[in-house]
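Comments concern the structure below.
Values in this text are rule-based calculations from the coordinates and carry no lab data. In this text, all values refer to a predicted model and were calculated from it rather than measured experimentally.
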Amino acid sequence: MSKSAIALLKLVNGIIIDQIPSRSKPLILNNGTDTSEDTPEVIEQDIIDQTIEVGSGCDWTGSGVEPQWHNPKSIKAYDHIDRHHGPKLKPLNFRGRAASKNQPQGQWLNAQDWVKAEQVTPKYPGRYIINFKRSIGKVHYPDGTIIENVTHAFIKRKPDGTFKSAYPVLNDATLSSLERSDRNE
């Protein structure tokens with residue numbers, strides 16, 4: 001390994017700062033967890049069952065072959081998200097879906113963000129709101145109004161670890177405000 005590829009580690013007030021020469025900003029690690037400003041965080045959660053761990057990095061207990069968690073095109077892990085909330089869909093698709101469901105519909109800007117959401121979402125079945133701390137999508141309304149630069153996403157993890165739903169939501173959304181739209185998903 002070349003000297004330039006070796007990271008310089010520095011301990012500051014009990015927090016490890018990992019400065020890699022090619023990075024413009026330091027990566028802050030706290031107990032092995034990336035706590036830098038661009039790491040998404042769970043801001044609200046409703047865990048259904050804490051006795052089983054599911055999702056990437058856990059033993060696969062679902063049917064068939066384990067999903068390709070790191071692949072945003074994985075049909076088993078993310079098909080619904082890509083088909084109904086993906087970045088390639090046109091505004092007209094969202095307007096029609098929003099009108100038929102009578103609910104706003106979130107659209108991801110980048111498919112890698114739903115993979116990141118899977119990685120940071122707790123490994124238990126349940127409902128979560130994640131703050132990405134940067135723009136991840138848009139919210140489309142039945143009347144054609146589009147709210148851009150939303151930073152939050154709603155995630156519903158099924159008992160096998162895959163996502164029932166995952167889509168950008170308004171930044172002031174709460175799990176209780178999403179209760180009705182979650183049932184219609």
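Scanning residues 5 or more positions from F163 or on other chains, those with amide H under 5 Å from its amide H are K158, with H placed 1.01 Å from N in the peptide plane.
For the range 41-185, calculate the relative contact order in percent as a whole number, restricting contacts to Cα pairs under 8 Å that are 6 or more residues apart. With pairs under 8 Å counted, the relative contact order is 29 percent. Phi angles across the range 168-174 convert, under the Karplus curve 6.51 cos²θ - 1.76 cosθ + 1.60 with θ = phi - 60°, into 3J(HN,Hα) values of x, 10, 4, 5, 9, 5, 10 Hz, Gly and Pro given as x. Amide H contacts for G106 (H built 1.01 Å from N in the peptide plane; partners 5 or more residues away or on another chain; cut-off under 5 Å): H140. Coupling constants for the range 97-109 follow from the phi torsions by the Karplus curve (6.51 cos²θ - 1.76 cosθ + 1.60, θ = phi - 60°), and in residue order they are 5, 4, 5, 5, 8, 6, 9, x, 10, x, 10, 6, 8 Hz; glycine and proline get x.
For N71, nonlocal amide neighbours, meaning residues 5 or more places apart or on other chains whose placed amide H falls under 5 Å from its own, do not occur. Converting phi to 3J(HN,Hα) with the Karplus coefficients 6.51, -1.76 and 1.60 and the offset θ = phi - 60°, the range 119-135 yields 5, 8, 6, x, 7, 10, x, x, 10, 9, 10, 10, 9, 7, 6, 7, 5 Hz in sequence order, with x at every glycine or proline.
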